[in-house]
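Below: the structure, in structure tokens.
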Amino acid sequence: MEEKREMKQTFKIVQFNEAYIPPTFNINKKDNFVEWGSRNDYPRYLADLYNHNGSTSHKAIINKKVRLTTGYGYKELLNEQFKQYLDKIKFKKLLRQIDSDLEIYNGFCFEVIPTNDGTEFDVKYIPFSKIRVGVKEDEKESDYFWYSKDWALYKKEGYEPKYIKKYDPTNKKERQLYYYKSFNLDNENYYPIVNYSNSLNYIELDYQISTFHLNQVKQGFAPSFILNFATGIPSTEEMDEFYKDFKRNYSSAENAGKIIITYSEGADGKPELIPITLNDSDERFVLLQDMVEKNIVIGHEIPPQLIILTPGKLGSTEERQELMVEFQNSYITPRQEEIEDVFNELFKSLSFSEPIKLKEYKDIEVDKQEDLGVQEKAQAELKGSVGGVQGILSIQQSVSQGFTTIDAGAAILELIYGIDAGQARRMLGEPIQINTDEIIE
């Protein structure tokens, strides 16, 4: 009788359909909320693309958008009471927080917390990714949401969803959630669609390309060869021990190029190195890189020249300014108007009728020029005044008496009075240095 041999599976089937699939919105009838994604984890996917597993270009573009939209704050207000109130609720910080969510998720939310007498309310940032839409049991029920610190663990103690009503301007007593999602043609969805949705495959691909090249460098030996030993099949423990030893000695960039020396009893037992043809993946990835970057930038609706810097083609200052104006008008201004509309409507309920207007990058340049003009004027007045002369004399006296160093005194004269650094040091008594190499005998 033939002896039956147990065959071990020595291969693995790899699933290749890893492309991006649009999120589904399933109603969880048991827990009364709408799931965001097939596993209720779509916000985590978007956050990971930004923080860890995405493209450097994608993250840079989002950061740039946030900086241009809310990073410069808002224009000066006339109402002092309104200014004090906004400082109290840390409004500038709130703007940056909600705008980051707006660029990543295309929506944002915050909690509105009325005071006991209902005359004011605090505004608290709530991460958009932690909110799920609640399912109403009948038409009379108010719209509401669920909040969980981590929806992957929402069934565990400490992560249970918390009920919160949708914001109602007439409700002056309860904590409520202001939930905003940016307009989309498919706006019947419970959750927003990100503006860069058509670029998600390329954002992932950019990360995979970098991972491929890193692995090629770090692994060094594999996957260029299959190393086969024709000496029988060892035990699992022996194979694991050999694998650890081999990886320790022959992987990583530092070990690339080492020579492997083997010994065997006869030609039949010698190890065999079988080369693997790599299908030119690295060359294809290089060709893909340019296409990937362009599609990410186009999906984000930003001029490529503001993100992709090509050697020898950095563009003139005038060209970049024109592109910035175009980007401001086509993308940043509409985003700012979305945010302004939300908060101007909100603060009207507190009788603050003065509108909030977010600053553009051009406003910052104007502010800098105005500040510089004021500073120069002040320095000129100071230098020409009796007080200015007395100030200079007092600094000279302080240096001569040893209370102030020449370095510190010169820095003060340069900063306050606009005196050249070399001249300031000579005014404070520093000896003139003579370069003896220049003396002609």
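The values are calculated or read from the model by the stated rules, or taken from the named source; none is laboratory data. Owing to the predicted nature of the structure, the values given are computational and were not obtained by experimental measurement. Heads up, the Cβs are rebuilt from the backbone with ideal geometry, glycines too, and the neighbour counts pull from every protein chain shown.
Brief remarks on what is shown
- Criterion violated by E319 - all others in (1) at pLDDT 65 or above; (2) over 25 Å from Q97 (Cα atoms); (3) in contact with an Asp or Glu (Cβ under 9 Å, 6 or more places away or on another chain) satisfied: (3)
- Per the conditions (1) at pLDDT 95 or above; (2) over 22 Å from N295 (Cα atoms), the sole criterion not satisfied by G71 is (1).
- Test: residue in the stretch 98-113 that is without any contact (Cβ under 8 Å) to a residue 24 or more places away in the chain and charged (D, E, K, R): no
- As for the stretch 191-214, it holds no residue that is surrounded by fewer than 18 Cβ atoms within 10 Å (Cβ to Cβ) and touching a strand residue (DSSP E or B) at 6+ places or on another chain (Cβ under 7 Å).
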